[in-house]
Structure formats: structure tokens, C-alpha cells
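Worksheet: the structure to be examined is printed underneath.
Derivation of every value follows stated rules applied to the coordinates shown; laboratory data play no part. Quick caveat: nothing in here was measured; it's all calculated off a predicted structure. Every residue, glycine as well, gets a Cβ built from its backbone with ideal geometry; the counts of neighbours run over all protein chains shown.
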Amino acid sequence: MSEVRATIGLINPKSPTNVGGVLRAAGCYSAQQVFFTGTRYLKAKKFHTDTKNALERIPLTSVEDLAQAKPSGAKAVVIELIEGATPLPEFIHPENAFYIFGPEDGSISKEVLNWCDEVVYIPTIGCMNLAATCNVVLYDRQAKLGGVESSDKTIIESRDTNNKMKWQK
């Protein structure tokens, strides 16, 4: 059995808020690394938006080409509203996945699609932003592949320090 890994690739992200949200999603759903291309995020990164400091645990690496950053043995999965794509509810996640997300204000290029293995879309009315899309995909992956115990212990370890609530009927 291969190692269960999720890596994220972002194509020229522009919003530090969305990159911070992607990092938080990566931390919540055990992604190992986030790569990004382009320069727009570098110009905006001074606006710190990683409220859980996921960057301390998950590398965020600038690369020229995501194809070169693809982890060994990973299946490249583009997440994009492209005709003919597989709907996320029907998608079977590979154990070793490199999820590629396009720019907030554009689409994935044909050059990227040429080296990717799968194209998946999230059925919605309209499109979601980058961070929301990443959260949905990584949550779906976790729900289908497992990896986090569903228990009060998980709740206690995951919630913010100001939350001590218990549900009692």
C-alpha cells in the first residue's frame, strides 16, 4: 500500500487571505505541503492571514512550474469547473494526491491539464473561492479515506482554547 499523502499546488494565487485559508485547510486536513507559482502572492503576503500558524508546520514553497513540484508517485488532480470533469461526490481520491487549484481570476492552462491525471469539479451554484474550494476537497478526501477519529477527544484537540462547550440534552 502506498503512503497516504496530500499536497497542494496553487497557480498564481493573488489573495493572501485565500492562501492563509488554504494553509489553514492544509493544517486541518493533514496536507503535507503547499506549492505556488507566480508573483502576486509574494507581493501581498505581508498581510498575515494564517491565523493558526500552519506555516510553522506546513511548508509554503514558491516554484516556477508545478509539474516539477509534483511529488514522486502522486496523481495530479486539477480542481476546476471544466466541462467533462468528474463531480467530487463521485471522485475516488488517490492515496498520494497532488491537488492543483487555479487562480482566483482565471482558469487552469491547457499546458497544466496535459500533465495532470484527473480533473474534478465541485457541483455548486456559482463558483467558490480558492480557500473554500480547498477546504471542501480536503474534507471530502478525509471523509472518504479516513484519517481522523470522530470523537469528543478530536473535538477537544481541534477547537480553539476559548471553546469549552458541551452538548447535553
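Suppose each label sits 7 Å from its Cα in the direction of the beta carbon; what would the ASN129-ALA143 distance come out to in nanometres?
Distance between label points: 2.2 nm.
Rounded to the nearest 0.05, what FRET efficiency is calculated for TRP167 and VAL63 with R0 set to 45 Å and r the Cβ-Cβ distance?
0.50
With the cut-off at 1.5 for a/c, could you classify the range 108-158 from its C-alpha gyration tensor as rounded, prolate or oblate?
prolate
Where does each of 120-132, 71-83 land if you order them by average Cβ count within 10 Å, highest first?
Working: 120-132: 14.4, 71-83: 17.2.
Top to bottom by mean Cβ count within 10 Å: 71-83, 120-132.
Determine the sum of side-chain charges near LEU88: Lys and Arg each +1, Asp and Glu each -1, restricted to other residues whose C-beta is under 13 angstrom from that of LEU88.
Numbers: positive: ARG141, LYS144; negative: GLU80, GLU90, GLU118, ASP140.
With Lys, Arg at +1 and Asp, Glu at -1, the neighbours total -2.
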